[in-house]
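Note sheet for the following structure.
The values are calculated or read from the model by the stated rules, or taken from the named source; none is laboratory data. Predicted model only: the values in this text are computed from it and were never measured. In this analysis, Cβ positions are derived from the backbone assuming ideal geometry, glycine residues included, and neighbour counts consider all displayed protein chains.
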Amino acid sequence: MSSLISVSHVSKIYNTGEAETMALDDVSFNIEKGEFVAIMGPSGSGKSTLMHILGALDTPTSGTYILDGENVEKLTDDELAGIRNRKIGFVFQAFNLLPRTSALKNVTIPMMYAGIPKEKRLEIAEKYLKMVGLGDRMDHTTSQLSGGQQQRVAIARALSLNPSIILADEPTGNIASDQAEEVMAIFQKLNKEGHTIIMITHEPDIAEHAKRIIHIRDGKIVKDGNGHKQHLIA
Amino acid sequence: MEYKEIVEEAVRTLTINKLRTGLAMLGIIIGIGSVIALVSLGQGSQQSVSNQIESLGANLLTISPGSQQGGFIRGGAGSATTLTLDDANAIMSSSTVTDVSAVSPEYSRRAQVTAGSNNTNTSITGVEAIYASIHKVSVSEGQFISDNDNAKQAKVAVIGPTTASNLFNSNTDPVGQSIRIQGQAFKIIGVTVSKGGTGFGNADDVIYIPLSTAMNSLFGSVSVTSVVVQAKSSNVMNAAEDEVGYLLLDRHKISDPTQADFTIISQNDILSTVSSVTGTFTALLSGIAAISLIVGGIGIMNIMLVTVTERTREIGLRKALGAKKKDIIAQFLIESIILTFAGGVIGMMVGVAASFGISKVISLPFTIAISSIALAVGVSGAIGVIFGWYPAQKAANLQPIEALRYE
């Protein structure tokens with residue numbers, strides 16, 4: 001059986017006028033269904049570029065990226081939007097909730113673009129908000145929620161269309177450490193329930209929550225091992 | 001994504017910043033409002049003018065003597081003495097003229113008039129009894145010039161209400177009073193009902209005297225200054241014009257119609273001339289108002305561009321979460337259409353209210369054409385599409401990564 005995610009020989013070159021920057025240099029790896037992977041690396045290592053490509057927000061300069069059986073690197077903007085909508089649940093560092101909008105409404109947005117009828121959307125949104133422990137705050141607007149609560153709304157939003165992968169970019173970067181533990185607990189619970197989670201972080205103790213850690217530096221994978229024991233696999 | 005929801009969302013977004021939304025709409029409100037008000041006032045004044053012309057009588061042809069040509073000097077139309085009372089009688093009695101129901105020969109000249117210590121300069125019009133029915137003149141007191149007055153060359157006069165107030169103070173009844181026209185004494189036998197005209201040629205500032213008196217005793221003329229002919233109906237105006245024209249050419253022994261020593265002007269000619277003048281004026285003013293609409297549209301575009309820039313992160317997020325280009329275009333385009341459409345509806349109400357108020361103040365008939373309302377609302381929606389298109393495209397083409405990073 002083929003992998004859920006198959007990245008092979010992916011390179012990304014940014015051309016900023018005179019200088020060419022090699023953000024990713026011939027990166028290959030697979031991720032299976034049900035994995036909890038942390039991608040670690042210092043700033044400038046290429047982990048954000050990798051996250052953009054995994055999230056179908058950007059396409060590689062060369063190489064192939066197959067997500068759940070679909071070749072992503074050849075798609076048009078609108079087709080990429082469809083992939084992001086159906087297959088990827090995003091959790092951002094800055095939460096990126098709509099301001100002046102209720103938690104409930106925020107969770108329904110991906111479902112709106114997927115064409116799910118309004119009543120059904122609200123029903124699903126309620127279910128996931130209860131799951132992340134915000135059943136009593138569904139009508140609160142973004143500014144009335146703490147950082148940890150906002151991130152939990154974002155997780156509910158990421159889950160709403162039951163995506164193939166949940167892609168979290170520094171999910172605890174903007175929240176207090178006790179709330180960060182709560183958020184990581186939710187990710188671990190989701191992973192136990194079978195969700196595939198890919199998390200980008202530069203904090204080792206956050207990365208420790210994952211089962212597998214991919215270290216990246218200067219656009220190349222330097223280490224790929226288990227979360228707790230850090231065995232070198234490749 | 002259903003359109004009802006996009007509309008609700010757009011209304012919600014627009015009500016967040018009420019001041020900005022209001023100011024953006026103001027341009028459209030002023031533009032649509034002024035177009036509606038100006039078109040309405042233009043139509044009102046056009047109607048007012050045609051009402052006034054029609055109040056002077058229906059289906060009328062006015063025959064004036066042609067200009068006098070002597071050497072190189074050409075006099076103004078009406079200065080010639082080629083039109084006579086016999087011409088008028090011939091029109092009435094001719095067997096070839098079948099579409100004419102009444103003929104009114106008239107002699108008109110301005111003269112100085114005194115009543116006691118008051119004096120005025122006004123139009124003295126010599127008329128026959130038929131004048132009253134052709135020109136829809138009625139008297140509020142006393143009576144009009146009769147055939148008997150003409151037969152006797154009576155020194156009697158019927159005066160207009162403006163003339164009455166010029167010559168007599170308000171508590172004097174003019175009827176029975178005596179006035180002097182060029183030194184000759186006339187007895188006032190009636191005062192006409194006001195027609196509401198103003199300025200030069202005011203139908204209320206006039207003195208009617210018997211035609212025979214005017215031509216023989218007062219001014220000593222053998223010719224009349226005009227003959228007014230009433231056609232039997234508005235449908236036979238052209239036929240009547242031809243019949244009268246050929247009869248007069250024949251009587252004046254002129255074979256080439258271009259050399260005619262008289263001119264015939266139909267009321268329709270005057271009406272269409274006046275209509276085209278007021279129409280041109282209305283079009284000109286509406287054109288200026290339309291420019292303000294374009295300026296309003298540019299204001300909408302400006303505000304939409306600011307909105308797109310401000311909401312770059314939101315757009316990035318929506319695209320990351322699966323919004324396609326058409327979703328983003330719909331969102332911003334509908335926002336700008338709602339802005340201009342709401343502005344158009346408010347502007348329409350302002351315009352109707354303004355034209356109602358102004359027409360009341362300057363006493364014009366108040367008219368609002370459904371077509372101009374439909375046009376204004378349609379145009380305001382179209383402005384939303386035209387000026388919202390570029391900002392919406394700009395939003396839809398944002399790259400999600402860059403938009404999400406935007407500070």
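Only one of the listed residues (B:Ala185, B:Ala214) is over 35 Å from the mean Cα position of the chain (by Cα), of a type in the set (Gly, Ala, Ser) and not in a loop (DSSP other than H, G, I, E, B). That residue is B:Ala185.
Restricting the stretch A:85-135 to residues that are among the β-branched types (Val, Ile, Thr) and within 13 Å of chain B (Cβ to nearest Cβ) leaves a set whose member that is farthest from A:Val153 (Cα to Cα) is A:Ile116. Kindly evaluate A:Thr142 against the criterion of being under 21 Å from A:Ile53 (Cα atoms) and either touching a helix residue (DSSP H, G or I) at 6+ places or on another chain (Cβ under 8 Å) or of a type in the set (Val, Ile, Thr) (or both). Judged against the criteria, A:Thr142 is not a match. All of A:Gly148, A:Gly115, A:Gly133, A:Gly194 fail the test of being in a loop (DSSP other than H, G, I, E, B) and either touching a helix residue (DSSP H, G or I) at 6+ places or on another chain (Cβ under 9 Å) or buried (at least 19 other Cβ atoms within 10 Å of the Cβ) (or both), apart from A:Gly133. The helices (runs of 4 or more DSSP H) found entirely in the stretch B:312-407 that carry 2 or more residues being under 40 Å from the mean Cα position of the chain (by Cα) are B:325-361, B:370-396. Among the residues making up the stretch B:386-397, those that are surrounded by fewer than 20 Cβ atoms within 10 Å (Cβ to Cβ) and either touching a helix residue (DSSP H, G or I) at 6+ places or on another chain (Cβ under 6 Å) or within 14 Å of another protein chain (Cβ to nearest Cβ) (or both) are B:Gln393, B:Lys394, B:Asn397. The condition of being surrounded by 14 or more Cβ atoms within 10 Å (Cβ to Cβ) and either within 30 Å of B:Pro65 (Cα to Cα) or under 33 Å from the mean Cα position of the chain (by Cα) (or both) holds for only one of B:Ser272, B:Ser292, B:Ser276, that being B:Ser292. Looking only at residues that are at pLDDT 85 or above and aliphatic (A, V, I, L, M) in the stretch B:248-269, which one is surrounded by the most Cβ atoms within 10 Å (Cβ to Cβ)? Going through the qualifying residues, I end up with B:Leu248.
When the residues of the stretch B:225-254 are filtered to those that are hydroxyl-bearing (Ser, Thr, Tyr) and more than 18 Å from B:Ala90 (Cβ to Cβ), the one that is nearest to the chain's Cα centre (by Cα) is B:Ser234. Restricted to the stretch B:139-182, the set of strands (runs of 3 or more DSSP E) holding at least 2 residues that are of a type outside the set (Phe, Trp, Tyr) and surrounded by fewer than 19 Cβ atoms within 10 Å (Cβ to Cβ) comprises B:139-142, B:178-181. Of the residues making up the stretch B:83-103, not a single one is at pLDDT below 90 and over 28 Å from B:Ala129 (Cβ atoms).
Scanning the stretch A:45-61 for residues that are assigned to a loop (DSSP other than H, G, I, E, B), away from chain B (no Cβ under 12 Å) and touching a residue at least 60 places away in the same chain (Cβ under 8 Å) returns A:Ser45, A:Gly46. Within the stretch B:35-54, does at least one residue satisfy the condition of being outside any helix (DSSP H, G or I) and either within 14 Å of another protein chain (Cβ to nearest Cβ) or touching a residue at least 24 places away in the same chain (Cβ under 8 Å) (or both)? There is no residue in the stretch B:35-54 that is outside any helix (DSSP H, G or I) and either within 14 Å of another protein chain (Cβ to nearest Cβ) or touching a residue at least 24 places away in the same chain (Cβ under 8 Å) (or both).
Looking across the stretch B:296-315, just one residue is facing another protein chain (nearest Cβ under 8 Å) and either within 17 Å of B:Ala342 (Cβ to Cβ) or in contact with a helix residue (DSSP H, G or I) (Cβ under 7 Å, 6 or more places away or on another chain) (or both), and that is B:Arg313. Mind checking whether some residue in the stretch A:78-90 is among the aromatic types (Phe, Trp, Tyr) and either surrounded by fewer than 16 Cβ atoms within 10 Å (Cβ to Cβ) or closer than 16 Å to B:Leu321 by Cβ (or both)? The answer is yes, given that some residue of the stretch A:78-90 is among the aromatic types (Phe, Trp, Tyr) and either surrounded by fewer than 16 Cβ atoms within 10 Å (Cβ to Cβ) or closer than 16 Å to B:Leu321 by Cβ (or both). Scanning the stretch B:272-321 for residues that are of a type in the set (Gly, Ala, Ser) and in contact with a strand residue (DSSP E or B) (Cβ under 9 Å, 6 or more places away or on another chain) gives a single hit, B:Ala320. Does the stretch A:167-188 contain any residue that is within 13 Å of another protein chain (Cβ to nearest Cβ) and either surrounded by fewer than 17 Cβ atoms within 10 Å (Cβ to Cβ) or closer than 30 Å to B:Lys4 by Cβ (or both)? No: the stretch A:167-188 contains no residue that is within 13 Å of another protein chain (Cβ to nearest Cβ) and either surrounded by fewer than 17 Cβ atoms within 10 Å (Cβ to Cβ) or closer than 30 Å to B:Lys4 by Cβ (or both). Residues considered: A:Ala81, A:Ala23, A:Ala38. Of these, the only one that is more than 13 Å from chain B (Cβ to nearest Cβ), of a type in the set (Gly, Ala, Ser) and touching a helix residue (DSSP H, G or I) at 6+ places or on another chain (Cβ under 9 Å) is A:Ala38. Here the stretch A:174-211 is the region considered, the condition is being among the hydroxyl-bearing types (Ser, Thr, Tyr) and at pLDDT 90 or above, and the residue that is farthest from A:Leu129 (Cα to Cα) is A:Thr201.
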